1. Check off (1) within 16 Å of ligand 4 (Cβ to nearest atom); (2) surrounded by 15 or more Cβ atoms within 10 Å (Cβ to Cβ) for F367 and give me the number that stays unchecked.
2. Do you know which of the residues in the range 305-353 that are basic (K, R) and more than 19 Å from M401 (Cβ to Cβ) is nearest to ligand 1 (Cβ to nearest atom)?
3. Between a residue in the range 180-198 that is farther than 15 Å from S319 by Cβ and within 16 Å of ligand 1 (Cβ to nearest atom) and any residue that is assigned to a loop (DSSP other than H, G, I, E, B) and hydroxyl-bearing (S, T, Y), which pairs come within a Cβ distance under 7 Å, given they are 6 or more apart or on different chains?
4. Return yes or no: is R97 under 15 Å from C279 (Cα atoms), surrounded by 14 or more Cβ atoms within 10 Å (Cβ to Cβ), under 17 Å from the mean Cα position of the chain (by Cα) and without any contact (Cβ under 8 Å) to a residue 40 or more places away in the chain?
5. Can you spot a residue in the range 300-317 that is touching a helix residue (DSSP H, G or I) at 6+ places or on another chain (Cβ under 8 Å), part of a loop (DSSP other than H, G, I, E, B), within 15 Å of ligand 3 (Cβ to nearest atom) and in contact (Cβ under 8 Å) with a residue 60 or more places away in the chain?
6. I'd like to check something: does the range 164-172 contain any residue that is within 30 Å of A332 (Cβ to Cβ), outside any helix (DSSP H, G or I) and aliphatic (A, V, I, L, M)?
7. Hey, any hits in the range 412-434 for a residue that's modelled with pLDDT of 95 or more, in a loop (DSSP other than H, G, I, E, B) and within 13 Å of K331 (Cα to Cα)?
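The values are calculated or read from the model by the stated rules, or taken from the named source; none is laboratory data. All figures in this text were calculated on a predicted structure; none of them were measured in a lab. Neighbour counts are summed over all protein chains in view; Cβ atoms, including those assigned to glycine, are modelled from backbone coordinates with ideal geometry.
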Amino acid sequence: MAQILAPSVQWQMRITKNSSYSRDASSMSSKMWSSLFLKQSKKLTARSSAKYRLLAVKSEHGTINRMEDLLNLDVTPYTDKIIAEYIWIGGTGLDVRSKSRTISKPVEHPSELPKWNYDGSSTGQAPGEDSEVIIYPQAIFKDPFRGGNNILVVCDAYTPAGEPIPTNKRHKAAQIFSDPKVVAEVPWFGIEQEYTLLQTDVKWPLGWPVGGYPGPQGPYYCAAGADKSFGRDISDAHYKACLYAGINISGTNGEVMPGQWEFQVGPSVGIEAGDHIWCARYLLERITEQAGVVLTLDPKPIEGDWNGAGCHTNYSTKSTREEGGFEVIKKAILNLSLRHKEHISAYGEGNERRLTGKHETASINTFSWGVANRGCSIRVGRDTEKEGKGYLEDRRPASNMDPYVVTALLAETTLLWEPTLEAEALAAQKLAMKV
Ligand code: ADP
Ligand code: MN
Ligand code: MN
Ligand code: MN
């Protein structure tokens, strides 16, 4: 706990400087501190030299408590008004931005909310002389930070004329997911979002010695223990925040590289997978902000013999989940093999540093698939093979991929796009697959 809650550590340090209890300061919880000071301040009211210091400490502590009281204040008995935090994707296509506004009463559907705007020249999304970008509410979640009826609103962005701006990848994805052919197949996505936590000042992974390396990979994956697991409080706080918000989070785990974690969202239908991943990323930014830790979605944060960070995307359709589904999965894999380049170019920046053929990845230059093989582009699980139906796992997407892009492209390639017969025959031969 101490390692991630930087603000409270600093606060304890400041106290210890002025007090005579400095020896064991680091092992004391803030609760222990407050009980100590409450007792001491009573005893010391007559002794003026010590009194000043302790009152100052008490007042500082009191300020923190009062602030928390205000942050936890339930305003529902006093007003129908709620706070809506509008969230959108900024100019890098990866940064999440947000601002808040008062709404006159609780809402249940994004269509009840007004459109809004922001200054696109401050996010790298519009020129200064025509800076207005309009955001359209698309999905609503409960706000775990403010509680009550307050909400988080995932938006997408348009020009004042109503054209999606270039970083709005949701718009095209929503079109694909509303194509009748795609709707009929009820596409499910299960997304495994990996991420890495960094120490704020040095931008070096959490738990790693500054300027050095921990012992080699092996003991860290799904591990417990102070020398193996770094940042569990963040992963867990995020898990609960997601459940509270209504995100379809399905699990979490510690990763192979120390300081790296994963959470999974899904199975979610169509566009919902993207909305939920983006909201979950936003929550993670907010929680790491509170903890004083930096989040990175870089696909290969540390060069060398350290695992990269991916965003495996598990995918199924009505047909793959039904009897004979494995044959449909094989046909989907065949289509995917023919569009490998298109997919790779849409699967995240810097992915070539991660997809090396080592560390449970396939080379970026070749398409491969296999049952239970983690060194392939596409993995089919043992259960799917055994039951003859189920889902496939696309292991290529990087942790910084845009889930709107990846999910929509998977649906497009497997449900809307058709190769020529010649291309299909050639690909089937290459993959040694009967279709
Ligand atoms: P891995 O074994 O690769 O680490 P995980 O358990 O981390 O896999 O993630 C698998 C994800 O796939 C989960 O989010 C799960 O909900 C999702 N999933 C399960 N069944 C399906 C399905 N039929 N279609 C799509 N996604 C699925
Ligand atoms: Mn996983
Ligand atoms: Mn993983
Ligand atoms: Mn996986």
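1. With respect to (1) within 16 Å of ligand 4 (Cβ to nearest atom); (2) surrounded by 15 or more Cβ atoms within 10 Å (Cβ to Cβ), F367 is out only on (1).
2. Ranking the candidates gives R321 first.
3. Q193/S399; E194/S399; Y195/S399
4. Here the answer is yes, as R97 does meet what is asked.
5. yes
6. No; the residues of the range 164-172 include none that is within 30 Å of A332 (Cβ to Cβ), outside any helix (DSSP H, G or I) and aliphatic (A, V, I, L, M).
7. Within the range 412-434, one or more residues are modelled with pLDDT of 95 or more, in a loop (DSSP other than H, G, I, E, B) and within 13 Å of K331 (Cα to Cα).
For (1) within 27 Å of G147 (Cα to Cα); (2) not small (G, A, S), each residue gets a yes or a no:
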| position | (1), (2) |
| --- | --- |
| Y221 | no, yes |
| K228 | no, yes |
| G254 | no, no |
| Q264 | yes, yes |
| C279 | yes, yes |
| G292 | yes, no |
